[in-house]
Structures are given as structure tokens and as C-alpha cells.
1. What about residue B:70, is it surrounded by 21 or more Cβ atoms within 10 Å (Cβ to Cβ) and touching a Pro at 6+ places or on another chain (Cβ under 9 Å)?
2. Within the range A:29-68, take every residue that is under 10 Å from the mean Cα position of the chain (by Cα) and part of a strand (DSSP E or B) and give me the one that is farthest from residue B:188 (Cα to Cα).
3. How do the helices (runs of 4 or more DSSP H) wholly within the range B:1-106 filter down when requiring 3 or more residues that are of a type in the set (A, V, I, L, M, F, W, C) and in contact with a Ser or Thr (Cβ under 7 Å, 6 or more places away or on another chain): which remain?
4. Across the range A:1-22, what is the total count of residues that are over 30 Å from residue B:61 (Cα atoms), within 12 Å of chain B (Cβ to nearest Cβ) and not aliphatic (A, V, I, L, M)?
5. Can you tell me which residue among B:129, B:95, B:101 is touching a residue at least 60 places away in the same chain (Cβ under 8 Å) and within 14 Å of chain A (Cβ to nearest Cβ)?
6. Restricting attention to the range A:14-31, which residues are open to solvent by 30 Å² or more (accessible area, probe 1.4 Å), in contact with a strand residue (DSSP E or B) (Cβ under 8 Å, 6 or more places away or on another chain) and over 20 Å from residue B:92 (Cα atoms)?
7. Where the second residue is in a loop (DSSP other than H, G, I, E, B) and at pLDDT 90 or above and the first is facing chain B (nearest Cβ under 7 Å) and open to solvent by less than 40 Å² (accessible area, probe 1.4 Å) and lies in the range A:39-53, which pairs have Cβ atoms under 9 Å and are six or more apart or on separate chains?
Amino acid sequence: MCLAIPGKIISIKENIAIIDYGTTKREAGILESDYKVGDYVLVQNKIVVKKVPENEVQSCLDVIKKLR
Amino acid sequence: MIDDNKLLCAFLLGAYESGSCAVSMQEDEKGAAIKSFEDYISGEIELPIDNVSGVIEKIKDTKSETYRDYFYSNHIGRIVKETKESANQDFYDALKGNNILTAKVMQCPVHFYEVIDVHHGSFIVYNPLSKKNITFNISKGLDSPLKGDIISAHWNQYLEVVTDLPKLQSYKDKLANYLNDIKNNIKDNI
């Protein structure tokens, strides 16, 4: 895949997270315990595989702010 | 201008180190692939065919005549196609309300920058997207640009000094249209 789709965790119940992608929300499984609500994550095959680092989130948000 | 295989490895180095591509790979596997790209660029090994064959197939699918054609033309179409497939939505619908994805699809194509300052082993360019200066390191085996040169980069990886910019004008136009269309389509959520 060229680019994984990032989404924000908006809730976690047991090992299932609800991921907000902007216009859609989808469920994804969590296999590790270090994810929390508010994290931006990447999902592959309905499993959360990686947290988008905070500095990367900030730099993306900076790019968007500069578009205003 | 560097040769196609070296350009391919530098492009993949940028993709893998961006943190946005090859996310399903194990860290040690990804680290080994990154090292193989660096080693190829520096001339220490033959082309690491196992680590490049996947993207070569993708490039062939786009009917690109050379890797260079893909990076400086058809890659944008691939970003749109794969984003739609991964999000299972129209491209612009996938971007609505998702500022992180929007920023990433804007950063993902190969961009051109003018070199404004040069240091030993690195150089500085102005990034009009983030409106900030950014520093690129020069991987061993890549040409050292001079102040005023136009260079290309993929994510945070410098690729090459662009010596055939007039030939790449259609890509510059395509990139500008792609970025403008994104801005226009997501203006309600910024």
C-alpha cells in the first residue's frame, strides 16, 4: 500500500477501538495495551498496527493550518 | 539526474522512513530493507531485488515506461487510487474531516524545492506547504546540490538535482493541480 489511512481512536471497549476517519467510523482490534482514546493510529486488516507519533500529527496539523 | 535504479531506492527510502508506508512490515524487516536501499545507493551492493520487486510491479501496472516516469507522473494517480481503495470511499470524501490524511496525501508525491543554503552533508530548502525551511541530509552516493539548484524529494528523502525541469513541467502542473484540487475540496473542514 502506498499510504496507510490514519484515524483517531474515539473509544475503546475491551479490545475493540472505534476509529474516526472523518466522515466514517470503523471498528478495529487492539492487540497491545498502549493505545488510548485520542491517539491517531494506522490500521491494517482491521487491526491497529501503529500509533502515528505526536510530532508527526503536529506537523500534519501545521500543514493544514497553513492552508487557511 | 541519477540512474533509474538509484532513484527507485532513494524513493523507497523516503517512503519507508516516512512512517506512512509499509506499515504492516515488522520493524526489523523494514530496517533491513532501508539498509539495503542505503547500501545500493552508496554502491556497496547490487540492486536488492527482493525489496524492490513489489513496487516495480506497481510501476508496471501504471504503464510507466521508466521508474522516473512513475515518480514524476503516475505516482499521483496511484496515491489517489490506493487512498480510495483503502478508505473504501471517494478520494475527497476520505479527506473530509481527516486532516492528518489530507496532510499526508499532500506530502506523499515527489516535490521540487530550491536549495537556499548548503552545509557539509546537508542542505536547506524552503517548503511552501509547511511554510518552513527544511533540512535534507545527503545520503552517501547521491549528488551534492549547490545553492540555487532545484532538487526533488520524496517525504524527507532527497532524491536528485533536477537538471531537466522543462521536461518535467507537465508533472509540476499536475502536482500543482492535485494540491489545489485537494485544498478546494477540503476547504470546509480547514
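The values are calculated or read from the model by the stated rules, or taken from the named source; none is laboratory data. Owing to the predicted nature of the structure, the values given are computational and were not obtained by experimental measurement. Quick reminder, even Gly has a Cβ in these numbers, built from the backbone with ideal geometry, and neighbours come from all protein chains shown. Ligands, DNA and RNA are excluded from the accessible area calculation, which covers all protein heavy atoms including side chains. Shrake-Rupley method; radii C 1.70, N 1.55, O 1.52, S 1.80 Å.
1. On the way: surrounded by 21 or more Cβ atoms within 10 Å (Cβ to Cβ): yes; touching a Pro at 6+ places or on another chain (Cβ under 9 Å): no.
Taking the combined requirement at face value, the residue does not satisfy it.
2. A:49
3. Details: elements: B:4-17, B:27-41, B:49-61, B:75-87, B:91-95.
Counting at least 3 such residues, we get B:91-95.
4. 3
5. Working: B:129 fails: touching a residue at least 60 places away in the same chain (Cβ under 8 Å); B:101 fails: touching a residue at least 60 places away in the same chain (Cβ under 8 Å).
Going through B:129, B:95, B:101 in turn, the sole match is B:95.
6. Once the filter is applied, which keeps residues that are open to solvent by 30 Å² or more (accessible area, probe 1.4 Å), in contact with a strand residue (DSSP E or B) (Cβ under 8 Å, 6 or more places away or on another chain) and over 20 Å from residue B:92 (Cα atoms), the range A:14-31 yields A:15, A:16, A:18, A:27, A:31.
7. What qualifies is A:42/A:52; A:52/A:39.
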